[in-house]
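The values are calculated or read from the model by the stated rules, or taken from the named source; none is laboratory data. Quantities reported herein were computed from a predicted structural model and do not represent experimental measurements. We place every Cβ from the backbone using ideal geometry, glycine too, and count neighbours over all the protein chains shown.
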Amino acid sequence: MRVIFLGTPDFAIPSLRALIDSPYEVVAVFTQPDRPAGRGQRLHPSPVKVLAQTVGIPVFTPERLRGDDNRRIVEGLAAEFIIVVAYGQILPAWFLDAARIAPVNVHGSLLPRYRGAAPVIWSLINGDAVTGVTTMWMDEHLDTGDMLLREEFPVPDTMTAGELAEELARLGAGLVVPTLDGLRAGTVMRAPQDHSQATMAPRIDKAMGRVDWHRAAREIHNLVRAFNPWPLAYTEFGGSKLQILRSHPAPDQEAVEQPAGTLVGLSGEALRVSCGKGTALDLLQVQLAGRGPVSGREFVSGARLHPGAVL
């Protein structure tokens, strides 16, 4: 059985590996073009491109898929399945129709929740205790196709977006081959989504990472872990950006009365800051622009802060 795979970031790597290690034949990979990165802004290939080239799979990197040249390539590959994992573009109808059996997407949420580009981040922003992965029969719209298989994942309170993405990528990879096998055998059935329950997960903007200390500590903590490793939550200190890498809400019984954003003191290695609704947040790890990560205690010591200082 021939498969065309579309994907770009690290999230797609476990699914591609699962297909490479399976009886299915990956006849081509489509991924985003090389992009500039780093201080020198040199062009870098996507993780999917690197893996595909390593194992000798033909790679195509069109800026846009809709051209006739791409159509000829895809239809000429005569694939039974098209598998899409975090590719970065909505596919045209002719691309989906090129799959002789099914076009399948691996999506990092329990659909119909969190349709869109950033389901992992939004599930953490909203403090979901459970999320998961869904395989879906793709249509022309944004994550609206019929569901195939899904698996839930309980989210630890301290887990960051980077850590959660790794777990969901692993779960998604575990569903890829069973989904294809089930579609071939007729044992995996299509289940329409309840569109009335749909929520969206649009792309994240860096400006969204600015901390509003008037919000409750739990909300700020969810933002901190949702924006780690990118783009990182931040506040201002001494005219510089202070990024918050790790945090945890202070115990509820330790209510504070200071104005929001006030340094309350230290709790172990953490810097405790007052937040809205009488709550407080322990900053476990922070980083000033141009410097390395330090604990909250190390930051207080280096900056010579005292209780009452305001972030």
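Looking only at residues in the stretch 1-55 that are surrounded by 14 or more Cβ atoms within 10 Å (Cβ to Cβ) and among the polar types (S, T, N, Q), the one that is farthest from the chain's Cα centre (by Cα) is Ser22. Among residues of the stretch 222-240 being of a type outside the set (A, V, I, L, M, F, W, C) and at pLDDT below 95, the one that is nearest to Leu124 (Cα to Cα) is Glu236.
Suppose we filter the stretch 137-173 for residues that are among the hydrophobic types (A, V, I, L, M, F, W, C) and without any contact (Cβ under 8 Å) to a residue 40 or more places away in the chain; how many remain?
Taking the stretch 137-173 and keeping what is among the hydrophobic types (A, V, I, L, M, F, W, C), we get 137-138, 142, 147-149, 153, 155, 159, 161, 164-165, 168-169, 171, 173.
Subsequent filtering for residues that are without any contact (Cβ under 8 Å) to a residue 40 or more places away in the chain retains 149, 153, 155, 171.
Number satisfying all stated conditions: 4.
Of all residues in the stretch 112-162, those being in a loop (DSSP other than H, G, I, E, B), among the hydrophobic types (A, V, I, L, M, F, W, C) and out of contact with any helix residue (DSSP H, G or I) (no Cβ under 6 Å at 6 or more places or on another chain) number 6. When the residues of the stretch 229-245 are narrowed to those that are without any contact (Cβ under 8 Å) to a residue 40 or more places away in the chain and within 15 Å of Ala217 (Cα to Cα), which ends up nearest to the chain's Cα centre (by Cα)? Looking at residues that are without any contact (Cβ under 8 Å) to a residue 40 or more places away in the chain and within 15 Å of Ala217 (Cα to Cα), I get Ala233.
State all residues of the stretch 24-33 that are in a loop (DSSP other than H, G, I, E, B) and of a type outside the set (Val, Ile, Thr); if no residue qualifies, say none.
Our first condition is that a residue be in a loop (DSSP other than H, G, I, E, B); within the stretch 24-33, this holds for 24, 31-33.
Within the stretch 24-33, Tyr24, Gln32, Pro33 qualify.
Restricting attention to the stretch 238-257, report how many residues are crowded, with 17+ Cβ neighbours inside 10 Å and of a type outside the set (A, V, I, L, M, F, W, C). Quick ask: steps written out before the conclusion?
First, the residues of the stretch 238-257 that are crowded, with 17+ Cβ neighbours inside 10 Å: 242-250, 256.
Okay, now just the ones that are also of a type outside the set (A, V, I, L, M, F, W, C), so 243, 246-249.
Count: 5.
Applying a threshold of 7 Å to beta carbon distances and a minimum spacing of six or more residues, or different chains, the list of pairs starting in the stretch 174-200 at a residue that is over 15 Å from Pro23 (Cα atoms) and ending at one that is aromatic (Phe, Trp, Tyr) and surrounded by 15 or more Cβ atoms within 10 Å (Cβ to Cβ) reads Arg190/Trp137; Thr199/Tyr114.
Of all positions in the stretch 67-76, none carries a residue that is outside any loop (DSSP other than H, G, I, E, B), in contact with a Lys or Arg (Cβ under 8 Å, 6 or more places away or on another chain) and modelled with pLDDT of 95 or more. The set of residues in the stretch 34-56 that are farther than 14 Å from Ile13 by Cα and either at pLDDT 95 or above or part of a strand (DSSP E or B) (or both) comprises Arg35, Pro36, Ala37, Arg42, Leu43, His44, Gly56. Scanning the stretch 260-298 for residues that are assigned to a helix (DSSP H, G or I) and more than 15 Å from Ala233 (Cβ to Cβ) yields Arg297, Glu298. So which residues in the stretch 103-149 are surrounded by fewer than 20 Cβ atoms within 10 Å (Cβ to Cβ), out of contact with any Lys or Arg (no Cβ under 8 Å at 6 or more places or on another chain) and within 25 Å of Glu75 (Cα to Cα)? If the condition is that a residue be surrounded by fewer than 20 Cβ atoms within 10 Å (Cβ to Cβ), out of contact with any Lys or Arg (no Cβ under 8 Å at 6 or more places or on another chain) and within 25 Å of Glu75 (Cα to Cα), then Asp139, Glu140, His141 are the ones that fit.
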